[in-house]
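Before any comments, here is the structure.
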Amino acid sequence: MNEAEIKERVAAFLAEQDPAGDRLEFLRARFDAGLAWVWFPEGYGGLGAPRELQQVVERELADTPRQLHAGMLAIGLGMAAPTILTFGTEEQKRRFLRPLWTGEEVWCQLFSEPGAGSDLATLATRAVRDGDEWVVDGQKVWTSGAHHSRWAILVARTDPDVPKHRGLTYFICDMQAPGVEVRPLRQITGEAEFNEVFLTGVRLPDDLRLGAVGDGWRVAQTTLMNERVAIGGGPARRGGGMVAPVVEAWREHPELRTHDLHQRLLELWVETEVTRLSGARLREQLSAGQPGPEGSGMKLSFARLNQAVTGFELEFRRDLGYDDWAFRRSESVDFYGRGPGYRYLRAKGNSIEGGTSEILRNIVAERVLGLPSEPRVDKDVPWKDLPR
Amino acid sequence: MTLLYSEIEEELRSSVRDLLADRCPPAAVLKRVESDPYRGELLNSVYDLDLWKTLAGEIGVAGLLVPEELGGAGATASEAAVVLEELGRAVAPVPFFTSSVLATRALLPTRDALLGELADGRRTAALVVSFTASPYAPSRGASVTVDGGRLSGTVTGVAGADVADVLLVPVDGDLYAVEGASVRVAPSLDLTRPIATVTFDRTQARRVGACDVAAVLRFGAGLLASEQLGVAEWCLDTTLAYVKERHQFARPIGSFQAIKHRLADLWLDVVRARAAARNAASDPSSISVAVAQSWNAGVALHAAEEALQLHGGIGMTWEHPVHLYLKRAKATEIALGTPGDHREALASLVDVPGPE
C-alpha cells in the first residue's frame, strides 16, 4: 500500500462520514475503515500498511474529531495495544482494541511493585487459579492514570516454585472489579500523576489472560520495548522539544543572558539537534525495514537532555518561585506542564520511568554491544527461595 | 534527503575497507611512524603512496568529487564521506582529505585542467591554508601577499603539503598554483597527518581563478565529521573487543557495570555522531556543518580517550595503535574550527544570541 492508495482510502472514508457529526461515531467508523493505525492488520483498525504512512492519514484527517483527553491514552495506545495485537486471542483483539483507540476506555499499567522495580521479574503479586477464574492479591505502584482507567495490563506470579522469569503470567485487569483499590501517590511536583493500586482477592476470568500461563515475562518484554520507543520518540523539528521554551525565553530576555549560560545553552542546543537527527535516522531505518539498535538508546538521550535543559531553564530565569504546590490529580502524563519549576521536577522522573537509565545502559551494553552480563545469583533459584 | 547509506556507498565502503584491512592494518601504520631513536625524526615519510595509488587509481576515490566531464567520477559528498569514515577507521596515511577533498573543492569552481590529474591520482595537491583555519577565520596562520604574479610570505600548520605535487594558495580571493615552494615539516602531534610550514619567497605562481576559502573550509569541515566518526568507531569497536577478552578478578572486565555503562554512553554518542555526519554530508549548509563539527570532534576525542583508559597500561604504550587515534582525534578537534568556534557560529545561525 502506498501514499496514493492511503489518500484514496481517506477520501472514500470522508465521503461516507461526516466529521461534523457525532465524535465517537466518527472515531469508531475511522477505526473500522482501517485508518486508526494503518500499520495494524485489517480488521483491527489498520490496513497492514507501512507505519510511516500513518503521517499521511494524520495530515489528511487533521481537521476531523480526535480522541478526548489524548494524554490519558498513551499507555493504551503505546503499550497495551501492541501487546494485545501480538499475544491476544481473536476475541480479545475484537473486544479491546476499538474502545482503546477511540478513547472510550482508558488503560493503565500494573507492573512495578514496592519490592520489584528494576528487577521487575521478582514481582510478588500472586494470581491463583480457581476454576475458570484467577484470584489476584498484591500491591502495585507508580501506576499513572489508574484513577481514570477502565482496564490495566497486569503481570502476576502464577508459579512461585520455578525461577522468577518463568513463573509469571500476563493478564488484563478489570479496574472496576471488587478488590481493586486506587490510592493517589503524590510526586515531587506536588501533583499525583500516579497511584498505588492494592489488589485484594480480585477475581479475573481466565479469558482476560494474555498469552500462555508462565509466559508473562516474554509478553511483558513486548510492552516494555514499546514503552521505551514511545518515551524516546523525540521531536521531529529542529529546535523543537524541551529546548524550545528555553530558547524562546532566551530570545525574550536579553537582560538575563550571561557568557557562561550562553556557552552551555549552545551545547544543549547541539546535543538536542544531534539527538533529533539520530531519531530521524532511526525512523528512516525502521521504515526501510532495517530495524537498528539505535532505538534502545533514544530514551537514555532523552532523559539526560530533558534534565539538563530544564535545570538550565530554571537557572537562566533566576526563578526562585513555584507556581502552585496544591495537591491535585493530574489529568494526564505531561512533561511540559505548567512552568519551568514543574518541568525541572518532572524531568527527574525521565531517567526512572520506563526503565532506569542504569538498566537501559545494561540493555545497550548486553544486547547491542554484546558485553557479558554480570554474574547472576538468582537465575536458577526458585522464586520462593530468593532472599528478599 | 536521507540519513542512511545507499547501496553504492556500502559497496564503495567495502572495497575501501577490504583494501585497508589488507594493506593498512594498524601494525603497518605504526611501522611507518617509527623514528630514529637518537634523533627523533621520522625514518621515512609517513605517507603510503603505493596504497594511495591503488585507492586513487583502482578504486577511484581521488576523483569522487570531480564531475565526469572534467575526468572524475561525478559522485557526491555523501560518497566521499563514506571513504573518509573508512580512512578515519584506519588512520590511513594517504592524502585523500587534503588533496581529493580540500584542494579539489577549491579548484572545482575554476574547472582547471589540473582537476583531471588530481581525479585519476596522477598528481596530488594541497590547499595552502593552516589546518587551524576555519570557515570563520579562513586566513588564520597565513600571511601571503602577491606581487606581479609572485607570492611571498608564510603559512604555518599546512596539512598534506609535504606530499603534494602542486600547492594551491588562496590569496585575497584568488587561487594560485605553485610548484617548488619551501615546505618544512615540523614534528606534528598527529603522526599520520603531519603539518608543514610553507614559505614563499617571490615564488612564481599561476593564477587559477577565484576562491572562496571560507566556503571550501566549511565544505571540508562538514566532511571531516565523517572522518571523526570513523576514528570514533574504531576506538569503540577495538575497546569492545578488548574488554570482552581481557580478564581480571576471574571475569571479562566488560562484564563490570562500571565499564559497560561507559561503553553504552560512548555508543550513544557515536550513534548521534553518525546521524550528524550523514546530515552534514547530504546537506552541507552552515548549520549542519557547525552542528556536526561541534558534536563529532568531541565524540572522536572522547572515544579515543576512553579507548586509552579502558585498555589500561597497554593503551599508554607506543606499540598499541590507540595513540595514533588519540593524536588524530585531538588534531581534528582543532582543525577547521574547534567545537567552540562552531558553537559560536551557531549562535547567530540559529538565533541564540549572546549577552548584549
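Rule-based calculations on the coordinates, nothing more; no lab input. Source: prediction; values computed, not measured. Reconstructed Cβ throughout: ideal geometry from the backbone, glycine too, with neighbour counts over all protein chains shown.
For segment B:63-109 and segment A:79-138, what is the separation of their C-alpha centers, rounded to whole Å?
So the two Cα centres are separated by 56 Å.
Using a simple spin-label model with points 7 Å from Cα along the Cα→Cβ vector, what separation in nm is obtained for residue B:287 and residue A:4?
Spacing of the two 7 Å Cα→Cβ label points: 3.3 nm.
Would you list which lysines come within 24 Å of residue B:31, measuring only between C-alpha atoms, while excluding same-chain residues fewer than 8 positions from it?
The qualifying lysines are B:53, B:327, B:330.
Structure shown: which of A:93/A:164; A:93/A:140; A:299/B:244; A:93/B:260; A:93/A:348 lie over 31 Å apart, alpha-carbon to alpha-carbon? Could you put the intermediate results ahead of the total?
Details: A:93/A:164 28 Å; A:93/A:140 25 Å; A:299/B:244 26 Å; A:93/B:260 40 Å; A:93/A:348 36 Å.
Exceeds cut-off: A:93/B:260; A:93/A:348.
Treating the angle as unsigned and between 0 and 90°, give the value, to the nearest 10°, between the Cα long axis of helix B:286-310 and the longest Cα principal axis of chain B.
Taking the Cα atoms of chain B, the angle to B:286-310 is about 40 degrees.
Calculate how many DSSP beta bridges within the protein assembly as shown are antiparallel, expressed in % of all such bridges and rounded to the nearest 5. Display every interim value, and only then the final one.
Numbers: 59 of 70 bridges.
Percent antiparallel among DSSP bridges in the protein assembly as shown is about 85.
Roughly how far apart, in whole Å, are the Cα centres of segment B:284-340 and segment A:1-76?
One Cα centre to the other: 48 Å.
Based on DSSP H assignment, which helices of chain A show an axial Cα extent of at least 15 Å together with a mean Kyte-Doolittle hydropathy greater than or equal to 0.5?
Values: long enough: A:3-16 (20 Å, 0.01); A:90-102 (19 Å, -1.59); A:216-231 (22 Å, 0.00); A:259-287 (42 Å, -0.57); A:295-317 (34 Å, -0.04).
Helices meeting the criterion: none.
Quick check: convex hull over the Cα atoms of chain B, volume per residue in Å³, rounded to an integer? Intermediate results must be reported in sequence, preceding the final value.
Working: hull volume 53.6 nm³, N = 356.
Once divided by residue count, the hull of chain B is 150 Å³.
Need one number: nm distance between label points at residue A:59 and residue A:218, each 7 Å from Cα along Cα→Cβ, rounded to one decimal.
It is 4.0 nm.
Between A:330, A:118, A:287, where does the largest GNM mean-square fluctuation fall for chain A, given springs only between Cα atoms within less than 10 Å?
Of A:330, A:118, A:287, the Gaussian network model singles out A:287 as fluctuating most.
Test of understanding: express the Cα radius of gyration of segment A:150-266 as a ratio to 2.2 N^0.38 Å, with N the residue count.
Values: Rg = 22.4 Å, N = 117, 2.2 N^0.38 = 13.4 Å.
Ratio of Rg to 2.2 N^0.38 Å for segment A:150-266: 1.67.
Output wanted: per-residue J couplings in Hz (rounded whole) for segment B:154-170, from phi through Karplus 6.51 cos²θ - 1.76 cosθ + 1.60, θ = phi - 60°, x for Gly and Pro.
Coupling constants for segment B:154-170: 9, 10, 9, x, 8, 8, x, 5, 6, 10, 8, 7, 10, 9, 10, 10, x Hz.
Could you work out, residue by residue across B:198-209, how many beta carbons of other chains sit within 10 Å of that residue's beta carbon, and then give the average as an integer? Kindly include the intermediate steps, with their values, before the conclusion.
Working: counts 0, 0, 0, 0, 0, 0, 0, 0, 0, 0, 0, 0.
Taking the mean over all residues of the peptide, I get 0.
Which cross-chain or sequence-distant (5 or more) residues have an amide H under 5 Å from the amide H of residue A:202, H modelled 1.01 Å from N in plane?
Distant-sequence amide H within range of residue A:202: A:136.
Only counting other Cβ atoms within 10 Å, I'd like B:52, A:325 sorted with the fewest neighbours first. Before the final figure, lay out each step's value.
Details: B:52 22, A:325 10.
By the 10 Å Cβ count, ascending, the order reads A:325, B:52.
What is segment A:107-213's relative contact order, in percent, from Cα pairs under 8 angstrom and six or more apart in sequence? Can you show the working numbers first?
Numbers: 256 pairs, mean separation 32.3, N = 107.
Dividing the mean separation by the residue count of segment A:107-213 yields 30 percent.
With a 10 Å Cβ neighbour count serving as the proxy for reagent exposure, in which order, fewest first, do B:291, B:216 appear? Spell out each step's value before the answer.
On the way: B:291 31, B:216 27.
So the ranking, lowest neighbour count to highest, is B:216, B:291.
In percent, how large is the relative contact order of chain B, given Cα pairs closer than 8 Å and 6 or more residues apart? Could the numbers behind the result be given before it?
Working: 694 pairs, mean separation 59.2, N = 356.
In percent, rounded to a whole number, it is 17.
So, in Å, what gap is there between the alpha-carbon centers of segment B:1-26 and segment B:119-176?
30 Å
Using Cα-Cα distances under 8 Å and only pairs 6 or more residues apart, what relative contact order does chain A have, in percent?
Values: 635 pairs, mean separation 55.8, N = 388.
Here the relative contact order equals 14 percent.
On the first, second and third principal axes, largest extent first, how far apart are the outermost C-alpha atoms of the protein assembly as shown in Å?
For the protein assembly as shown, the Cα extents along the three principal axes come out at 98, 66, 54 Å.
Once the convex hull of the C-alpha atoms of segment A:3-66 is built, how many Å³ does it hold per residue, rounded to a whole number? Mind dumping the intermediate values first?
Numbers: hull volume 4.4 nm³, N = 64.
Roughly 69 Å³ of hull volume per residue.
So how tilted is helix B:257-282 from the main axis of chain B? Cα-based, degrees 0 to 90, rounded to 10.
Once rounded, one gets 30 degrees.
Take A:172, B:287 and order them by how many other Cβ atoms sit within 10 Å, fewest up front.
Working: A:172 23, B:287 16.
Ascending Cβ contact count within 10 Å gives the list B:287, A:172.
Could you tell me how many degrees, from 0 to 90 and to the nearest 10, lie between the Cα long axis of helix B:213-245 and the main elongation axis, the longest principal axis, of the Cα atoms of chain B?
20 degrees
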